[in-house]
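Heads up: the structure comes next, in structure tokens.
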Amino acid sequence: MVGSQPTQDTDSAPSMKQVSQMFAQLTGQIQSLTTHVADLTGKFDGLTGKVDDLAEHVKRDKTLWEADQHNLAILTEDFNRFAGEVKEDKDVVNGSLQWIQKDLNQNTEILSLTRATIDEQTRRLDDHDAKMHDQHNASFFGSKNGLEKLEEVKEKRTV
């Protein structure tokens with residue numbers, strides 16, 4: 001058989017109707033996939049919007065955070081300066097208190113010495129006053145007899 005074509009098995013080849021059905025089935029699947037892709041695209045676009053919103057929110061938060069960091073640095077600097085001033089003031093006050101305590105101790109010592117001196121002077125004055133009083137009484141009574149009477153008067157007062 002020269003020039004003859006090989007015979008086809010007609011049972012194994014799809015018919016036109018089957019090809020049409022397969023084509024329709026594929027077309028339906030393509031349309032379903034197209035719808036699904038469109039849904040996914042819509043969802044993706046929605047997510048993209050949310051991501052953009054979040055990015056904007058993050059940008060605002062970063063700006064606020066940077067401002068907070070700047071304010072924190074200023075407050076820290078102010079606090080450290082204030083703490084240093086308080087320490088200096090404390091040192092000055094402590095020095096003043098030590099000076100005042102030293103001065104108070106010296107004044108207390110001076111006061112004690114003055115009090116002792118006054119007590120001694122008072123005792124001397126009292127002794128001198130008593131002697132003067134005795135001499136006055138003795139001259140008033142004018143004799144040895146007068147001194148004896150004076151002694152009797154003194155004894156009566158003490159009893």
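With a 1.4 Å probe and every protein chain left in place, work out the accessible area per residue of region 17-94 in Å², rounded to a whole number.
In whole numbers, region 17-94 has 90 Å² accessible per residue.
If the cut-off is 30 Å between C-alpha atoms, which lysines fall inside it for Lys102, apart from same-chain ones fewer than 8 positions away?
List returned: Lys87, Lys90.
The values are calculated or read from the model by the stated rules, or taken from the named source; none is laboratory data. Small disclaimer: the values here were computed from a predicted structure and weren't measured. Heavy atoms of the whole protein, side chains included, go into the accessibility calculation; ligands, DNA and RNA do not. Shrake-Rupley method; radii C 1.70, N 1.55, O 1.52, S 1.80 Å.
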